[in-house]
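Participant: My questions all concern the structure below.
The values are calculated or read from the model by the stated rules, or taken from the named source; none is laboratory data. Everything quoted here is computed from the prediction, not taken from an experiment. No Cβ is skipped: glycine too gets one built from the backbone with ideal geometry, and neighbour counts run over all protein chains shown. Keep in mind that these areas ignore ligands, DNA and RNA; they rest on the heavy atoms of the full protein, side chains included. Shrake-Rupley method; radii C 1.70, N 1.55, O 1.52, S 1.80 Å.
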Amino acid sequence: MVLFGTLVNVLCIVVGSIFGLFLTNIQEKYKETVMQGIALVVILIGLQMAFQTESIIIVLISMLTGGFIGEFLKLEAGLNKLGYFIGSKFRSKQGEDNNIAQAFVTASLIFAVGAMAILGALDSGIRGDHEVLMTKGMLDGFTAFVLTTSLGIGVVFSSIPVLLWQGTIALLATQIDRIIPEALFQTFITELTAVGGLLIVAIGLNILKVTNIRVTNLLPAIVTVGIVIWVQQLF
C-alpha cells in the first residue's frame, strides 16, 4: 500500500496531539532524552540507506551540485522567512480561533515541509519502503505532543496538509519508472536512496545539535542525482 507510511505518520501526529492535551506538565529532561533517542534511530536509518550506494562519485557529485543549487536559491532562508512571516501574521492577532490557526500553521511547517517528508514519501512510492515515514511519524508524534502542550488543539489539524503533501509525492513517485528508462531505473533508485540517506543522517545530527547543517539547501541533490546518472550513461 503506497500510502501506508503517510497514514502511519498522520496517525502519530493525531495521537501525539491528543496526549499533549492531557499531559501539559511533563519535565523538559524527559522530552530531551526521548528526542535524542529518536534522533539516533533516524541516523541509523540514514546510514543504512547511504551504504547502499554503488558509486560514491555519483553521490558526491549529486550532493555538491545539489548543495550549490540550494545555496544559490537560498532555499532554507526562504523557508525560514515564510515560517516567520506566517507566524507573525497569526501572533499579531488575538482570540482562540487565531491561537488554533497559529498552532496549525506552526505544526504544518514543521511536519510537512522538510527533507524527511519528501525523501520518505519518495521511498514509499518508488520502493514501497515505509521505514523512513514511520520513523518520521514517531518523531512527529512526539513533537506534536510537545507542541500541543504549549500551542493547543490546533496542532492536530496539521495532519491534513501532511496527508495531502506526502500522499501526493508518494503517488507521483509510483510513476517514475514510466518516465525513466528501465536500464537507468535501478541505478537511480540505489543512488537516490544513498543521497537521501545522507540527508537523513544530517537531520539526525541536527536534532542532536551536533551540527547545524542546512539540509533544505541540500534537497536539490535528490533531483541532480538523476541528472548525474543520465549524463554518466551518455558517456
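Participant: Considering only segment 203-212, state which residues are under 14 Å from the mean Cα position of the chain (by Cα) and without any contact (Cβ under 8 Å) to a residue 24 or more places away in the chain.
Facilitator: Within segment 203-212, Asn206 is the sole residue that qualifies.
Participant: Now a separate question. Given the conditions (1) modelled with pLDDT under 90; (2) open to solvent by less than 30 Å² (accessible area, probe 1.4 Å), report the number of the one that Leu133 does not fulfil.
Facilitator: Tallying (1) modelled with pLDDT under 90; (2) open to solvent by less than 30 Å² (accessible area, probe 1.4 Å), Leu133 fails exactly one: (1).
Participant: Continuing with the same structure: Among Leu198, Leu218, Leu163, which is open to solvent by 30 Å² or more (accessible area, probe 1.4 Å), in contact with a Ser or Thr (Cβ under 7 Å, 6 or more places away or on another chain) and hydrophobic (A, V, I, L, M, F, W, C)?
Facilitator: Leu163
Participant: Condition check: under 23 Å from Leu60 (Cα atoms), among the polar types (S, T, N, Q) and at pLDDT below 90. Does Thr190 satisfy that?
Facilitator: Taking the combined requirement at face value, the residue satisfies it.
Participant: Please determine, by comparing only the residues of segment 16-32 that are open to solvent by less than 90 Å² (accessible area, probe 1.4 Å) and part of a helix (DSSP H, G or I), which one is farthest from Leu139 (Cα to Cα).
Facilitator: Looking at residues that are open to solvent by less than 90 Å² (accessible area, probe 1.4 Å) and part of a helix (DSSP H, G or I), I get Leu21.
Participant: Also, quick follow-up: Being open to solvent by 30 Å² or more (accessible area, probe 1.4 Å) and of a type in the set (Val, Ile, Thr) is the filter here, so list the residues in segment 39-52 that pass it.
Facilitator: Within segment 39-52, Val41 is the sole residue that qualifies.
Participant: Give segment 136-161 a look and list any residue that's within 16 Å of the chain's Cα centre (by Cα) and more than 17 Å from Met1 (Cα to Cα), or say none.
Facilitator: Listed by number, the residues that qualify are Lys136, Met138, Leu139, Asp140, Gly141, Phe142, Thr143, Ala144, Ser158, Ser159, Ile160, Pro161.
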